Amino acid sequence: MLFIHVASSTIAASVAAAQTLDPAAATDAYLATVGVAARARSNAYFEGGYWLILWSALIDTAVLWALLRYGWVARLSVRAGRLARGRTAMRTFFFTLLFTASVELLTWPWTLYVDWWREHQYGMSNQTFMGWFGDWATGAAVGMVIAAGAFLCLLTLYRKLPHSWWAWGTLASGAFLTLGMMLTPVFLAPLFNRYTPMPPSPLRSQILQMAQANGVPAENILVVDASRQTKRISANVAGIGPTVRVALNDNLLRRTSPAEVRAVMGHELGHYVLGHTASLLVGFTLIAGLFLVALDRVTPWLVARHGADWRIGGRDDPAILAPALIVAVIGGVLLTPVTNSLIRFHEKQADYFGINASRAPDGWARVSLKLGEYRKLEPSALEEAVFFDHPSGRTRILMGMQWKAQHRGEPGVD
């Protein structure tokens, strides 16, 4: 009876406390702490990103079309054939390397503007030009090799299985994505940053306790030196199976309180616990399948209409990659709301898990404001549905305040 009385008293206290907190008003109070100038800069940065999607697609399409129209793609295909000495697979591999290198160089000024100059313009980057250039060159080199392997696989299927290649290509895409998720934390991410163990501290112990309490196989927390590149805060639980790794960047440690760090890490742990690696893998494999179906329908039409002018020899000619990429670029723009919604759905689930695991709703609200430095805090419903791959600041803070209203007065709530 004593237990029942104590439990009833606790519930009653929690309900009474919740009645004193208006989640909407508390959300408005947090958002009101962001100054007019900071809000304007954040809005301009994020809204500019809407146009970057369109301009990037237009520039990529124009470059690809010009390479086809003026015979550069055909000449690269001939050159790759000479290098390969009649070996079809090697011709495809060499062509992809030469072609992607050409595209990277021609679009480099735009990449420089988007990834370096604009980031400095809005105060997001800490990186020198040479530091950025080194990362760009490394990423381009790795990307070219990966692209060459992926296209070799798809073109082989396209030649040998003309009617069902897209179905087998979808399965191959899923395998590539799985392999990429598994290898990135161990082999690719360290090419750009240093990962070092987080020094012992009460905060480190709290993160490990959260991980272990939720079944995340983490015996160590890694810190990544992202501050040499950016001012942004971030963390992640990456990898599959033996490559799973829990990491947070040094900006998060320097710029946020322990409660904020716990809220962010709770969110990242949520991705692992909720099985988001598997569900996102399935989702993006299906999206890859849609792309391949579109390529199967539209690319032959483009080649039939313009192939003579472009000097594309047929299904065996790796030059077909260029018109296929035009279709993929346009398809990517059209599918932006779909891919963003898929990611945002998973992020919203992880948000609630993180608040519940960390029990730090105010820490979550404060860190959501910091994320608002480069993500519009209060978009319209249409903007959030189309352009946001994460919930907006208002959505996230409101979620935290609603959780706080339901759990206020309980022990351990920050």
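Key figures
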{"quantity": "When residues of the range 288-306 are limited to those that are surrounded by fewer than 18 Cβ atoms within 10 Å (Cβ to Cβ) and over 21 Å from Trp65 (Cβ atoms), the one farthest from the chain's Cα centre (by Cα)", "calculated": "Val293"}
{"quantity": "Residue match in the range 156-175 (condition: touching a residue at least 24 places away in the same chain (Cβ under 8 Å), within 15 Å of Ala89 (Cα to Cα) and either touching a strand residue (DSSP E or B) at 6+ places or on another chain (Cβ under 8 Å) or of a type in the set (D, E, K, R) (or both))", "calculated": "yes"}
{"quantity": "Among (1) crowded, with 18+ Cβ neighbours inside 10 Å; (2) out of contact with any Lys or Arg (no Cβ under 9 Å at 6 or more places or on another chain); (3) not in a helix (DSSP H, G or I) - the single one Thr170 does not satisfy", "calculated": "(3)"}
{"quantity": "The range 82-97, residues that are buried (at least 17 other Cβ atoms within 10 Å of the Cβ) and among the β-branched types (Val, Ile, Thr)", "calculated": "Thr92, Thr96"}
{"quantity": "Among (1) within 22 Å of His390 (Cβ to Cβ); (2) part of a loop (DSSP other than H, G, I, E, B), the one test that Phe284 misses", "calculated": "(2)"}
{"quantity": "Residue within the range 287-296 that is closer than 30 Å to Thr88 by Cα, of a type in the set (Asp, Glu) and outside any helix (DSSP H, G or I) present", "calculated": "no"}
{"quantity": "Some residue of the range 208-218 being crowded, with 18+ Cβ neighbours inside 10 Å, without any contact (Cβ under 8 Å) to a residue 24 or more places away in the chain and out of contact with any Asp or Glu (no Cβ under 6 Å at 6 or more places or on another chain)", "calculated": "yes"}
{"quantity": "Test: residue in the range 146-161 that is in contact with a Lys or Arg (Cβ under 8 Å, 6 or more places away or on another chain), in a helix (DSSP H, G or I) and closer than 25 Å to Gly283 by Cβ", "calculated": "yes"}
{"quantity": "Any hit, the range 190-207, residues being more than 20 Å from the chain's Cα centre (by Cα), crowded, with 21+ Cβ neighbours inside 10 Å, at negative phi and assigned to a helix (DSSP H, G or I)", "calculated": "yes"}
{"quantity": "The range 351-375: number of residues that are assigned to a helix (DSSP H, G or I) and more than 25 Å from Tyr50 (Cα to Cα)", "calculated": "13"}
{"quantity": "Elements of type helices (runs of 4 or more DSSP H) contained in the range 44-144, each with 1 or more residues being within 23 Å of the chain's Cα centre (by Cα), farther than 22 Å from Leu191 by Cβ and touching a residue at least 60 places away in the same chain (Cβ under 8 Å)", "calculated": "118-121"}
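Just so you know, all these numbers are worked out from the coordinates, no wet-lab data involved. Computed from a predicted structure; not experimentally measured. When we count neighbours, we look across all protein chains shown, and the Cβ atoms used for this are built from the backbone with ideal geometry, even at glycine.
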